[in-house]
Each structure stands twice: as structure tokens, then as C-alpha cells.
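Okay, so here's the structure we're looking at.
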Amino acid sequence: MGLHRFRFKLLLPLLALPVRIFASTPEADRGAAAALFDGAQPAAPLYAGQPERRADANTLFLLQMKEVLSTGGWDGPSPQIRPFMFKNAGEGWAAQAQSVGLEGFLWTKKELEGKYGAAAFAGQTGDYFNYLENLLRPVAWTADLRRALDDLKTSPAADAEKNAKLNLILENYVAGLQSNMRRYDAAAWAKRARVYELFPRAYNLDGRRGASGFKPPAGTSFFRDFQVSDFEVIKRMGFDAVWPMGILPIGVRGQTGSGGGSPYSISDHSTVNPDLGTEDEFRGFVNRAHQAGLKVIVDFVVNHTSLDSKLLAENPDYFVSFRYDGPCPGDGYFENYWNGAKYCVHHGGFEYGGGVSSWIDTAQVNYANRGLRDRMTAIVKGWVTKFDVDGFRVDMAYLALNNVFSRTWARSMPRDEFYRQLIWTVKAAKPSAAFMAEAYAYQEDLGACGFDTIYSKHEDARPEGQTGWYNTTEAGNSAQLASAINRAAFLAWQSGGAGAVLFIGNHDEPAPETVYGRRLPAALALTLLYPGSVMMYSGAEIGYNAAVPAEHKPLPFSVPCEVNWSGGNSAVKNTYQEVLALAARLRAELGACDIEPLWPGPGQGWTGYMLISKDKPGLRRAVIGNLTGGATRADVPQAGFGGTLQSGEYRVLPLP
């Protein structure tokens, strides 16, 4: 959905509540929210509606592996352990581990020792052992590792020897747990998914077929008409998942624009938009996608509904609302009648500028209400049981976290996070179901709830500053890009936490060629060659851009539009064809890959990483590109390369 859909929002003060200004760090935000959160309501059962059911042994083991490898323990919305801080006493700086768990600790430790030497961190050996004991103690099956670490800690060996042995122990243990994750985590496919997002209202299926040289058949149902051959077009571009965005019914009340309304103002979360076809036709759509080898991801709009939604008609207490006979406040509220009584219901919104900013065509769902949580969980579960979809892209996911919701709307929340109930209930019905979060804050919290992947756009809570892929590539700052590459590489390597979804465009962002200009080839190559999850929006591959002055989206919601598959921008189309073909060749050549960041030399502004084949030991490639606005020197001694990279230029180099 995106915070920047300012066309549909107003800046609104929160009615009858004092405006509070909070520090911008997640730690401070969690603490501030605690003043409004008493946890008085009991935690939900792991599986909604089944209080007697306990997690099976496999699920419990998977949850514990995630805790040990990535998230550490959490008590409701609060983390119980924080990422380790590595201190370089000689130079007077510290670096935070990439995650709380063993993977983040080990990755960062090896990275820092490789760059600065283990001696630079001398004196922290005792801290390492204490930290690991606190991390591992809550999980009983780590007892053998804890004993081995305690034996090493109390041995007479010198610190340097202890440190080297510690690395070996952790490398072996982490490798073993990662192997177990591959066996137990049926949704791990999402961390490598190559997602093609399409907008059915604007996709122009007949036009795409016609541009490919054959006459389209007559038809009026998008779901029914989309055939295996149409999915195979997407598959041949190198994608293995399709996200049909905007397939839920759109509300009529308060509808904005002339294009059919926002696909994120939803009147019924439980079914498909009848303008696109019937439920049976959507089942056929999913089945044909599976025949073509594609997973199907659908939207779950967690934060709000339309003004005339089925849920609002069912119970206004499911929403941020109050019963009132007088006029509703003008700022942020609308009137709604239920059983003859008038309610004032708040528009869907989020914190902004010390108050609340609202989407005026939406109604705000109330996650302090236990009944609403159970209702939403049942609705989302229905998409896997009725339609066999493979995953969910959760719109503005962080807005439903306890600490965010309680602070925004001044509500006392149930003890546990809604997402733990939601995700593990759905995964009980279909273990391979995956959850992708659209999020621009609180990525750590969402990962701890069980999300499989998270947008890499804006992530600035870490000490190194901005590490979100979209924002750093957009800005072209070489120092930020180095941190973003390192973060992306870690998230592709790790298996216990949420992976990153890299993109340079989607339905919320302007057309990539307007953002990157001459830098587009390098931005596209560094994104699409990434071995983790990536995403591309339909129409981008031909450079199609129908943006209007009031809405920068390449396929705007506010006016009628459809992709002209015979049009677009020929130069952009050639760039996409070249990079998509290169990505396909590299995947065929290397197979499954690990990734390691490449670090530019002093004064050099290029960005890059190594792809290391898992299937063919010793086979490696270096991917480098210049995302800055000017030329830069690029020396990659591992590849025997030295020269100048122009802005937007990229190279794929063999490595011995």
C-alpha cells in the first residue's frame, strides 16, 4: 500500500488524546507503547479457535530453531535479548550483530575478524560466552552446545585459541541447524522466490497475447481466461511466484477517483472481486498457475477495510469506533449505523507527524478486540483451505503490531502478537504457506512473529543507518549501499529469520526508469541477480508508465488504465530483456548460491557481491555495478579486474 499514497490521506490529530512525541528507535518506541499496554488480556492459543490444541513436535522444534538461529526469545511484544555489540577498543567503535541469534552473531563475528583481525576484538571472549549462554539457555535441546561452550570457556587455553575454537564450534552447529531448517521449514521457498506482481484491472491479458503474435480468444473473466500458456510467459522470464494484486472486492462508499477505486479499500476480505471472476474461476486460476510451476501469493490488507465492508456491517466493535448519538468528529471519523444505533468509526490510519494520518476511503480495524483477531485469522486461513493459495503479502504489516497499534490508537492489547496466532494457524492448515510483510519499520518484530520475508525498502533502525535496498539504491550513496549489500547478503544466507524481498519498483513506487535514470541497468542487475527473493511489477519489463500528475504509480489506481504491451520504452525494454536473460543463464550455470558482499577500496563508489555455487563447489561469480551518479574506479583483485565503471554500468566477472 505504501506510506506515500498521500492522495488518499489527511493529517489528523488523534481525537481526545494527548499528542506524544516518541524517540525514533524501536527500543524507545516499545517502551513508550508499554505505557498504553497492560497485557491484561490473556495470550491467544497458537491455533485460533482450538484452545485445547498444542503445537505439534515439528512445529515446536521449528519455532525453537528460529529462536536460536535468529530471533532470540520474546515475551509477547518485547524481546528478551538484544543483538551482540562487537567492540573494537583500539579504534573506539562498535558494530551490532546482524541478528540476535547464532546466525547474526556468527556472520558479524567472521565479517569483522576477516576485515580487522580477531585481535582487534580481544578482551570480549568472556562476553561471547556469557551472551551465548543467555541466548541458548531457554531452549533445552541446546544443552550439549552449552556444555561444550562452558568447557571451552573454563579451559586453560589462551583467548586467541578459545576464539578460534569457538568459531569452529559455532560454524558446525549453525550448519547443522540450517540443514534442519531445510527439512522442517516448508515455507523456505519464499526466501528465494522470484515474484511477478500483476494488477489484473490493468494487466490487459488480450493485449499481451496480441503483442506476442496470436489472436486472443473472446472472454470476460480474468481468472477464467488466464491460461497455463499465459503463466508460462511469466515463468519463462524467470519468475516462480505470481502475486495478482487487487483481486478482492472494492468498496463503493467513499470510493475515490474514476479508475474503479483503490484495491486496498476492501469490502470483503474473504472472497474475490466478482469483476474478475467467480470463486470457482479463481480456484482454476490457482490450479493453472501451479501447473505452470508458479506459486500464487495474494494480499491480506491487515489494517483496514472499506467504509461499507462486510466486517463493519457484522460488528462495529471490530473497528476503532464508539457509540454516539451526536455528530461525529470531523477529523478522521465517519458515521456508520448498526442495529439502529449510530457509531463514529475512524478511517484507517498510521502515525504521522505527531498525529494520525488517514486513508479516507477506509475504516480502521481494531486489533485490541480478541474477536476481531479470531475473525481475521479464520478469513486468512480460508484462502488456503478454499483456494489453495501459497502465500500472503501483508499490506502495511507493522501497523498491527501490539506496540505500534497500542501507541497509535491508545488501546490496551492482548498479551501476544496477533501475527503469531495468524501465521501459525494458517501454517497448521498448510505448512508451506508463506507470509511476506510490507514494512518500513519494526522488521525485527515482524520476523519474530514468523514472517518469512519482509520488503527491503526502508530499514534504518540499525546503527549503520539506512540498509533498505530500495531507498539506498534510489539515493545512490556508496557508503549506504555497502551497508545495504552486507545486510541483503546476510538475509539471503541466514535461514532462521525473515528473508529480504529486493525490488526497484512495485505498484506503490514510480516507474523504475524515472527513479534511476541512466543508473537503471546496474540497479536492475544487482537486484535480479540477488539469490534471495526479488520482485518485479508487470509492465516494468517493457518500460510502460501511465502515471498521472496526481499519482506517480506506473499503473495508477485513480484513473482507468491498462498496459499497452505493444508500447512502452524500447530502451528500457532492452535493458530488462538483457538482465532477465543474464539472470536465467547465471541460475542455470551456478544453481543454488550463497552470497558474500564485496567491499570497494578507498575512494571507490561501486557496489557488488559474490555468488558462490552450492551445487558446483569452486564456481563463483562477482557481480558489480555503479549506482552512483558519476563514474567510479573499480578494482576487484579477486577477479583480476581494474577499470572505470560509468554510472549505471555493471559487470559479471568470473572468479578463480
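Here's the yes/no breakdown for (1) without any contact (Cβ under 8 Å) to a residue 12 or more places away in the chain; (2) of a type in the set (Asp, Glu):
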| position | (1), (2) |
| --- | --- |
| 340 | yes, no |
| 345 | no, no |
| 350 | no, no |
| 359 | no, no |
| 372 | no, no |
| 376 | no, no |
| 391 | no, no |
| 409 | no, no |
| 417 | no, yes |
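Hey, could you check segment 366-386 for residues that are touching a Phe, Trp or Tyr at 6+ places or on another chain (Cβ under 6 Å) and of a type outside the set (S, T, N, Q) and say which is farthest from residue 272 (Cα to Cα)?
Here the residue is 367.
One line per residue, one yes/no per condition, for (1) modelled with pLDDT of 95 or more; (2) farther than 22 Å from residue 477 by Cβ; (3) small (Gly, Ala, Ser); (4) part of a helix (DSSP H, G or I):
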{"residue": "520", "(1), (2), (3), (4)": "yes, no, no, yes"}
{"residue": "523", "(1), (2), (3), (4)": "yes, no, yes, yes"}
{"residue": "554", "(1), (2), (3), (4)": "yes, yes, no, no"}
{"residue": "571", "(1), (2), (3), (4)": "yes, yes, yes, yes"}
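Which is aromatic (Phe, Trp, Tyr) and in contact with a Pro (Cβ under 8 Å, 6 or more places away or on another chain), of 383, 338, 359? Step through it out loud before you land on a result.
Details: 383 fails: in contact with a Pro (Cβ under 8 Å, 6 or more places away or on another chain); 359 fails: in contact with a Pro (Cβ under 8 Å, 6 or more places away or on another chain).
Being aromatic (Phe, Trp, Tyr) and in contact with a Pro (Cβ under 8 Å, 6 or more places away or on another chain) holds for just one of 383, 338, 359, which is 338.
How do the strands (runs of 3 or more DSSP E) wholly within segment 286-336 filter down when requiring 2 or more residues that are among the hydrophobic types (A, V, I, L, M, F, W, C): which remain? Before you say what the answer is, go through the steps one by one.
Details: elements: 295-301, 304-306, 321-323.
Counting at least 2 such residues, we get 295-301.
Need a quick list: strands (runs of 3 or more DSSP E) entirely within segment 584-656 having at least 1 residues that are of a type in the set (Ser, Thr, Tyr) and within 23 Å of residue 487 (Cβ to Cβ). Before the answer, list the steps.
Values: elements: 593-598, 607-613, 620-625, 632-636, 641-645, 650-655.
Those strands (runs of 3 or more DSSP E) span 607-613, 632-636, 650-655.
Out of all the residues in segment 316-349, which are buried (at least 16 other Cβ atoms within 10 Å of the Cβ) and among the polar types (S, T, N, Q)?
Listed by number, the residues that qualify are 321, 336.
Within segment 526-552, count every residue that is part of a loop (DSSP other than H, G, I, E, B), polar (S, T, N, Q) and surrounded by 24 or more Cβ atoms within 10 Å (Cβ to Cβ).
Taking segment 526-552 and keeping what is part of a loop (DSSP other than H, G, I, E, B), we get 529-532, 538-539, 543-547, 549-550, 552.
So of that shortlist, the ones also polar (S, T, N, Q) come out as 538, 545.
Filter once more, so that each one left must be surrounded by 24 or more Cβ atoms within 10 Å (Cβ to Cβ): 538.
The total comes to 1.
Tell me which residues, restricted to segment 607-644, are buried (at least 17 other Cβ atoms within 10 Å of the Cβ) and touching a residue at least 40 places away in the same chain (Cβ under 8 Å). I'd like the intermediate steps shown before the answer.
Restricting attention to segment 607-644, the residues satisfying the condition of being buried (at least 17 other Cβ atoms within 10 Å of the Cβ) are 607-613, 620-628, 632, 634, 636, 639.
If the condition is that a residue be buried (at least 17 other Cβ atoms within 10 Å of the Cβ) and touching a residue at least 40 places away in the same chain (Cβ under 8 Å), then 607, 608, 609, 610, 611, 623, 625, 626, 627, 628, 632 are the ones that fit.
The values are calculated or read from the model by the stated rules, or taken from the named source; none is laboratory data. Because the structure is a prediction, the values reported are computed rather than measured. Ideal geometry is used to build each Cβ from the backbone, glycine not excepted, and the neighbour counts take in all protein chains shown.
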